[in-house]
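Quick note: the coordinates plus some simple rules give every number you see, no bench work behind them. What you see is a predicted model; the values in this text were computed from it and never measured. Don't worry about glycine lacking a Cβ; one is built from the backbone with ideal geometry, like all the others, and counts go over all protein chains shown.
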Ligand code: B12
């Protein structure tokens with residue numbers, strides 16, 4: 001990981017790490033349902049994508065925000081072509097936290113995601129392979145209801161911390177399982193923390209993310225913290241987690257973020273995955289990609305990416321346009 | 001102005017639900033929206049005054065701070081909770097007709113979409129502004145909007161969407177609502193939307209925040 005990071009920092013030439021699994025479905029003729037439930041399908045998707053786009057700097061596995069809650073026992077809605085979602089809260093009071101059983105690694109669909117990770121790592125789909133897990137505050141929100149979790153931090157902070165502790169215990173082990181599967185790192189998706197004030201983000205998210213970072217990160221395993229909220233004032237708290245990389249959504253202007261991050265930490269971001277990459281024309285995608293690269297050119301620690309998971313149904317020619325734009329930019 | 005009403009406004013603005021609630025820390029142990037609304041009624045203050053001079057200014061104040069990025073989603077939701085608590089005591093007066101609701105507002109997140117924080121904020125703010133709100137929840141099918149409209153034909157409708165993929169679903173909802181109830185006003189909102197999109201799909205109004213929705217609805221009522 002350190003080596004990979006150093007090579008990025010040393011070379012002005014840009015690599016791309018889009019958060020991308022779903023577009024691979026079209027290349028191998030499978031459905032979203034197959035992808036989220038069968039590890040081999042997920043692996044074949046990322047393999048097909050890296051074969052088609054050798055410029056991919058790192059394989060990122062699925063950003064599935066329901067798998068961890070499912071492992072805890074939440075009911076999940078599945079459909080053939082949509083991303084699975086949690087259908088209702090698992091607990092409606094913090095007293096029930098003591099009854100929550102920390103899932104075993106392999107429970108529910110964690111097994112399928114770890115299979116995908118192992119296959120991708122064994123077969124080196126890219127120079128680096130990153131697994132994906134949800135962040136502690138967002139997981140707590142899935143289990144307790146996100147709107148309720150927003151106010152719980154103010155009226156029942158102890159209860160909120162109890163739940164966050166349970167969530168973090170599981171996430172540490174799940175993160176470690178990706179490491180054992182041979183991944184070079186993980187992306188922790190913590191979208192719900194983007195709605196908090198900086199001091200709230202610190203107390204109810206970053207502090208717990210730091211525990212995961214401390215548990216798994218080393219010279220060979222990197223943690224990338226993703227937050228797609230309006231994070232301009234949250235950067236300091238995010239940095240405090242000690243993660244080696246930070247991934248930002250399209251709610252922010254990268255030029256307001258990059259000056260806040262030390263030059264030895266990687267910063268990924270932030271083309272609008274839906275508005276631009278999925279719904280834009282190839283011409284628009286090229287313009288937006290080059291524009292972002294040009295605006296951030298002075299930062300060697302910047303790695304171009306999508307602001308979030310590229311949605312299912314995104315046309316392959318749109319992904320082509322993204323990579324073409326990077327190649328053209330690199331040629332100068 | 002009456003001291004109870006003034007205190008009530010502060011409780012709403014700062015999300016002080018009741019005496020038991022530890023939030024905000026600076027008001028720990030003090031009475032909240034719950035107790036003050038009861039006290040106001042006991043002191044003979046008219047429910048309509050409690051609503052218009054107590055609750056609404058409180059919601060307006062916190063709404064403004066939220067738009068300016070001075071408070072965040074948790075505080076905004078606390079204010080809405082405090083207000084809902086106050087409204088519990090005013091409900092009997094709405095039911096008896098002593099206080100007239102400004103109208104009925106049906107709101108839901110469009111089918112395919114499960115984001116509800118923004119929708120909840122709009123629902124609670126509109127309710128606090130004196131409207132009866134029927135919240136249909138998330139992933140709301142067109143039929144559900146139509147069935148509810150059948151029961152409340154004179155109401156306004158609000159639809160929320162947070163996904164670019166589900167924004168498109170709003171178009172069919174608006175079309176079918178307008179076909180069956182041409183006079184019904186439809187408001188749309190959610191982070192990826194804008195006025196241009198709202199016009200394109202035939203909605204009547206787009207607002208980027210709950211306050212805009214309240215202003216539009218109140219204006220309708222004055223027509
Ligand atoms: C919290 C969140 C979630 C939570 C939702 C929990 C819940 N119960 O709501 C969870 C984790 C479940 C989630 C899931 C997903 N999410 Co999400 N999520 C967010 C997040 C972080 C915040 C949204 C939010 O609540 N904002 C706060 C509220 C207050 O703002 P708001 O909704 O805009 O509402 C305000 C106004 O718009 C307005 N308003 C809202 N509705 C209405 C209605 C009317 C009538 C009016 C007048 C006004 C109005 O008033 C509100 C108050 O000011 C955003 C990123 C971000 N920071 O915005 C992504 C985001 C919305 N999610 C996104 C995605 C892609 C998803 C998933 C597909 C991810 C996945 N891979 O599974 C799933 C989809 C599930 C589904 N089918 O709906 C994308 C959408 C991209 C796009 N434009 O299409 C975003 C933008 C993230 C990103 N950068 O990519 N998500």
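Points worth noting:
- C-alpha long axis of helix A:282-295 to longest principal axis of chain A, angle in °: 80
- Remark: the Cα gyration tensor places the range A:156-246 in the oblate category, a/c being 1.5 or greater and a/b not exceeding b/c.
- Chain A: angle of helix A:110-122 to the longest principal axis, Cα-based, in degrees nearest 10: 30
- Prolate/oblate/rounded label for the range B:104-218 (Cα gyration tensor, a/c 1.5): rounded
- Here the protein assembly as shown carries DSSP beta bridges of which approximately 10% are antiparallel, counting only pairs with both residues inside.
- The mean count of C-beta atoms from other chains within 10 Å of the C-beta of residues in B:79-86, rounded to a whole number, is 1.
- Its relative contact order, with pairs defined as Cα atoms under 8 Å and 6+ residues apart, puts chain A at 19 percent.
- When the Cα atoms of the protein assembly as shown are aligned to their principal axes, the ranges along those axes come out at 75, 52, 43 Å in descending order.
- Here chain A carries DSSP beta bridges of which approximately 15% are antiparallel, counting only pairs with both residues inside.
- In the elastic network of chain A, a GNM with C-alpha springs shorter than 10 Å, the most mobile of A:79, A:138, A:66 is A:79.
- Report note on the peptides A:155-165, B:145-155: ranked by the mean count of other C-beta atoms within 10 Å, highest first, their order is A:155-165, B:145-155.
- Point-to-point label distance, residue A:77-residue B:152, nm (Cα→Cβ direction, 7 Å offset): 2.2
- Approximate spin-label separation residue A:239-residue B:218, in nm, with each point projected 7 Å along Cα-to-Cβ: 4.3
- When each of the peptides A:113-126, B:23-36 is scored by the mean number of other C-beta atoms lying within 10 Å of its residues, the order from highest to lowest reads A:113-126, B:23-36.
- Remark: mean inter-chain Cβ contacts per residue of B:15-21 equal 1, using a 10 Å Cβ-Cβ cutoff to other protein chain atoms.
- Prolate/oblate/rounded call for chain B, Cα gyration tensor, a/c under 1.5 rounded: prolate
- Neighbouring Cβ atoms from other chains, within 10 Å of the Cβ of residues in A:151-158, number 5 on average.
- Whole-Å distance, taken between Cα centres, linking the range A:229-257 and the range A:38-81: 24
- Zero-based 10 Å bins, Cα pair distances in the range B:49-156, whole percents: 14, 41, 34, 11, 0
- In degrees, nearest ten, helix A:207-216 long axis to first principal axis of chain A (Cα): 70
- Estimated distance in nm for a label pair at residue A:122 and residue B:194, the labels positioned 7 Å out from Cα along Cα-to-Cβ: 4.9
- Of all the options B:129, B:40, B:161, the one that moves most in a Gaussian network model of chain B with Cα springs shorter than 10 angstrom is B:40.
- When you restrict to C-alpha pairs under 8 Å that are six or more residues apart and normalise by the size of the range B:104-218, the relative contact order lands at 28 percent.
- Separation of alpha-carbon centers, the range B:67-81 and the range B:1-32, rounded to whole Å: 15
- Here r is the Cβ-Cβ distance between residue A:52 and residue A:176 and R0 is 45 Å; the resulting FRET efficiency, rounded to 0.05, is 0.90.
- According to the calculation over all Cα-Cα pairs in the range B:3-96, the P(r) per 5 Å bin from zero is 3, 16, 27, 25, 17, 9, 3, 1 %.
- Across chain B, Cα pairs under 8 Å and at least six residues apart give a relative contact order of 17 percent.
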